[in-house]
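Trainee: Here's a structure for you.
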Amino acid sequence: MVIVDTSAWIEFFQNANSEVAQKVDQALEQDLIGIGDLIYCEVMQGLYHAEQQDRISKLLLSLPQFEMVGFQIAAKSASNYRRLRTKGVTIRKTIDVLIGTFCAENGHHLIHNDRDFDLMASHIGLKVL
């Protein structure tokens, strides 16, 4: 299963010719993508036009859905954040550590357009495309 981060969805919706957008498109065509609740929230909160909200919501909710955070992932994410800090790696947003940890713990690949995921990948076992 492939999870697409908000950064990649934004790229997909705004710039269909980019490398990241093409990865998303290819994974969609192969029915490999699932959507996490945190990512759904981030994407939807950035949409202002009702027509766009409806169209994008329908697309995202047609994908297999995952609840990304519970106490187990929260605890593991906090541990990952501390471990990354001891290695000199500072992740800018807690939500990225949560998403990265969820994907790593569940064996999902991640498509993204956010350098923080590349920084954490080798340290937490995150597989990025």
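Read the figures in this text as sums done on the coordinates, not as results from a lab. What you are looking at is a predicted structure, and each value in this text was computed from that prediction instead of being measured. We place every Cβ from the backbone using ideal geometry, glycine too, and count neighbours over all the protein chains shown.
Trainee: Under a point spin-label approximation (7 Å from Cα along Cα-to-Cβ), what is the Gln53-Arg82 distance to one decimal in nm?
Mentor: 4.0 nm
Trainee: Just for the Cα atoms in the range 2-128, what are the lengths along the principal axes, largest first, rounded to whole Å?
Mentor: Extents along the principal axes, in whole Å: 44, 29, 26.
Trainee: Show the residues, 5+ positions off or on another chain, whose built amide H is closer than 5 Å to the amide H of Gln65.
Mentor: The list, which skips near neighbours in sequence, is Ile35.
Trainee: How many lysine pairs does the chain hold where the Cα atoms are under 26 Å apart and the two sit 8 or more places apart or on different chains?
Mentor: Final tally of qualifying lysine pairs is 8.
Trainee: To continue, here is another question. To the nearest 0.05, what FRET efficiency results for Leu28 and His123 with a Förster distance of 22 Å applied to their C-beta separation?
Mentor: Efficiency computed from Cβ-Cβ geometry: 0.15.
Trainee: State the answer as a single residue: which of Leu63, Ser77, Leu38 lies farthest towards the positive end of the charge dipole of the range 29-129, with beta carbon charges of +1 for Lys and Arg and -1 for Asp and Glu, about the Cα centre.
Mentor: Positive-most Cα among the choices belongs to Ser77.
Trainee: Give, rounded to the nearest 20 debye, the magnitude of the charge dipole that the chain has about its Cα centre when Lys and Arg contribute +1 at Cβ and Asp and Glu contribute -1 at Cβ.
Mentor: Using Cβ point charges on Lys, Arg, Asp and Glu, the chain gives about 700 debye.
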